[in-house]
Amino acid sequence: MTMSSASVDAPGADAWEGLVTTALLGTDRRTPPGTAPGPDAPVALLDAAAVETVRRRAGLRPARAAERPQPAPRDVRPALPAAAARRLAMLLADRPGPSGGGRRGAAPDLTELLPQWLATANARGFAPPPQVLPALLDAARGRTDLRPAALEFAGPRALWLARLNPDWRFALRATPGGGAALPHLEDDERIQQLWQEGLFAERVALLSALRSREPAAARDLLATTWATERAEDRLMFLDSLRAGLGPDDEPFLEQALSDRSRNVRATAAELLSALPGSALAARMAVRAGACVAIDHLRTVRPGGTGVEGLGPGGTTGAARAIAVEAPHECDAGMERDGVVAKAPAGRGERSWWLGQLVEAAPLATWSRRLGGRTPREIVALPVADDWQGELHAAWCRAAVRQRDAEWSRALLGEPSAPEAGGPGAVSLAERAKLLGTLGAAERAEWVAGFIAAHGLSEAFQLLGVCGVPWAAPLGRAVVDALNIARDAGSYPWSFSGVMGLAERCLDPSEASRLDALLAVPDEPENASPGAGGYWAEAFQRLVTTLRLRAAMAEELGAA
């Protein structure tokens, strides 16, 4: 190619941008520098582009060589078995299909199996093959939900790579202290130095590590600089006291109730209310107890739940009920103890204050206050003047905060009860939180009973709090409900969320029980068109996924 002198002598600073502009406008409207309009202009443009390309590639001035990076740290964990390494490469190579309402087909969704694979590999303590680390970091970069498990599995070499590639810097942010080595917890001098001079992330990591080993030492370390910390930092540090929270933390938290930051005060009050023996809990018990009492002069109409005063006409014998007198003001003491005075839009002030008092009072208060009754007996009592919803919702929040299984059982009620819940479970979100206070087996049994009585239409959120893999009764209840929905000709896509959960959570040993569901069923007269084929396809995908999960577990030695 012949190169014109004009193009060779073109200035280098903005030459490439000028050539790009000329190409976009066309040589009829603009020509390269030093070139006249005409048939030779396009050739001159290409010549100039070729010269500039060479300049950009080779026109660097010599510079001092950068310092060679330190070798990557060793990973002392055992190597991943060969079969499991091949499986990981397959999972990382898979890409999710286009989103939309189309059919998924019968092939398993490998991207949804990666979190479970990582959890199993981490539980077994394996180290990844070095060659998969870039793909693993790329996957974690695109999925924030994957990052904790992926970075745990990737180990120290992931942080080494992240310091060399800006695309993976999230690994440094996601790792407490940016992967910096924390001092030994016995090295008091280094601990004090890091606490006084370290970056915020390093200090959070130090406090969390120390709290997990020596709660009192972590609290004492925080107290040394508490008064000089920024409000947002105090809030984060205070939150670290949730781990290992105990009565010894009360004096520090009581002091934090006078903090100048409202958020810090609220967090301190929440932590104190989770300590049933704290002075704050006692103060809240007195306040809440003054608002709630047994009213002996109440009767209940036959067949109804409403509470009436004594009087002629349609009433039966006297029945005790709960009377509620909500606070008439939010005084300074209540505000100091964490009660928020201003109610949200649409909420009455008095009911707002009442809910906060009851939520923060120890649940043991109510048996003493309400005649020695058990939680189940208390929840069964009628409540006067339409206060039942507010009172029971506050008890729900208290049961979750105080991790009280007995109160949670009372508020949940029987899973087969009308409206699918107990008197206090006014929403699926509350039921899910209450279930979280129960043991895994009891939780699964309750949700299985719920599904058997009410089907799957409202079960998705409840299934999300159950342990994986699902216990046998729960798994069978889900499969039976899916089968009933299929036989009824229901819209199959209405259950796609539950089917996706089943693929990830159903015990792989259940796969053989599903073989009878793989055939295309006869469609009822009122079934949605093509529903039978969709159901067969969905069950085929479920069976294939379960068998793949079984193979994954076996490869990792966790079968």
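The values are calculated or read from the model by the stated rules, or taken from the named source; none is laboratory data. Since the structure is predicted, the reported quantities are computational estimates derived from the model, not experimental observations. Counting neighbours? That spans all protein chains shown, and the Cβs are built from the backbone with ideal geometry, glycine included. In case anyone asks, the SASA skips ligands and DNA or RNA and just uses the protein heavy atoms, side chains included. Shrake-Rupley method; radii C 1.70, N 1.55, O 1.52, S 1.80 Å.
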Return the pairs, sorted by first residue and then second, in which the second residue is part of a helix (DSSP H, G or I) and among the polar types (S, T, N, Q), the first residue lies in region 359-383 and is more than 15 Å from residue 411 (Cβ to Cβ), the beta carbons are less than 7 Å apart, and the residues are 6+ apart or on different chains.
-> 360/273
List the helices (runs of 4 or more DSSP H) that sit entirely inside region 205-260 and contain at least 1 residues that are closer than 21 Å to residue 184 by Cα, free of Cβ contacts under 8 Å to residues at least 40 places away in the same chain and open to solvent by less than 10 Å² (accessible area, probe 1.4 Å).
-> 215-225, 231-239
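Does region 51-61 include one or more residues that are touching a helix residue (DSSP H, G or I) at 6+ places or on another chain (Cβ under 6 Å) and more than 30 Å from residue 157 (Cα to Cα)?
Our first condition is that a residue be touching a helix residue (DSSP H, G or I) at 6+ places or on another chain (Cβ under 6 Å); within region 51-61, this holds for 51-52.
Among the residues that remain, those that are also more than 30 Å from residue 157 (Cα to Cα) are: 51-52.
Scanning region 51-61 turns up at least one residue that is touching a helix residue (DSSP H, G or I) at 6+ places or on another chain (Cβ under 6 Å) and more than 30 Å from residue 157 (Cα to Cα).
Might you check whether a residue that is crowded, with 16+ Cβ neighbours inside 10 Å, acidic (Asp, Glu) and either farther than 24 Å from residue 550 by Cα or without any contact (Cβ under 8 Å) to a residue 24 or more places away in the chain (or both) occurs anywhere in region 420-435?
Of the residues in region 420-435, the ones crowded, with 16+ Cβ neighbours inside 10 Å are 420-426, 430-435.
Okay, now just the ones that are also acidic (Asp, Glu), so 430.
Now drop any that are not either farther than 24 Å from residue 550 by Cα or without any contact (Cβ under 8 Å) to a residue 24 or more places away in the chain (or both), which leaves 430.
So far as region 420-435 goes, yes, one or more of its residues are crowded, with 16+ Cβ neighbours inside 10 Å, acidic (Asp, Glu) and either farther than 24 Å from residue 550 by Cα or without any contact (Cβ under 8 Å) to a residue 24 or more places away in the chain (or both).
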Tell me, yes or no, whether region 501-513 has at least one residue that is of a type in the set (Ser, Thr, Tyr) and assigned to a helix (DSSP H, G or I).
-> yes
Working carefully through the options 525, 458, 445, find the one that is of a type in the set (D, E, K, R), at pLDDT 95 or above and open to solvent by 60 Å² or more (accessible area, probe 1.4 Å).
-> 445
Single unsatisfied condition, residue 153 versus (1) open to solvent by less than 50 Å² (accessible area, probe 1.4 Å); (2) more than 27 Å from residue 120 (Cα to Cα); (3) assigned to a helix (DSSP H, G or I) | (2)
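Let's see how each residue does on (1) at pLDDT below 90; (2) more than 29 Å from residue 164 (Cβ to Cβ); (3) in contact with a Leu (Cβ under 8 Å, 6 or more places away or on another chain):
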| site | (1), (2), (3) |
| --- | --- |
| 61 | yes, no, no |
| 75 | no, no, no |
| 82 | no, no, no |
| 90 | no, no, yes |
| 96 | yes, no, no |
| 100 | yes, yes, no |
| 107 | yes, yes, no |
| 116 | no, yes, no |
Scan region 414-431 and give yes if some residue there is at pLDDT below 95, assigned to a helix (DSSP H, G or I) and of a type in the set (Lys, Arg), otherwise no.
-> yes
Of (1) modelled with pLDDT of 85 or more; (2) open to solvent by less than 90 Å² (accessible area, probe 1.4 Å); (3) of a type outside the set (A, V, I, L, M), residue 34 fails just (1)
Checking residue 538 against (1) assigned to a helix (DSSP H, G or I); (2) open to solvent by less than 40 Å² (accessible area, probe 1.4 Å); (3) under 26 Å from residue 414 (Cβ atoms); (4) hydrophobic (A, V, I, L, M, F, W, C), which test does it fail?
-> (3)
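Among the candidates 368, 347, single out the residue that is more than 20 Å from residue 320 (Cα to Cα) and open to solvent by 50 Å² or more (accessible area, probe 1.4 Å). Let's see the steps before the verdict.
Numbers: 368 fails: more than 20 Å from residue 320 (Cα to Cα).
It is 347.
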Among (1) over 27 Å from residue 260 (Cα atoms); (2) part of a helix (DSSP H, G or I), the one test that residue 373 misses | (2)
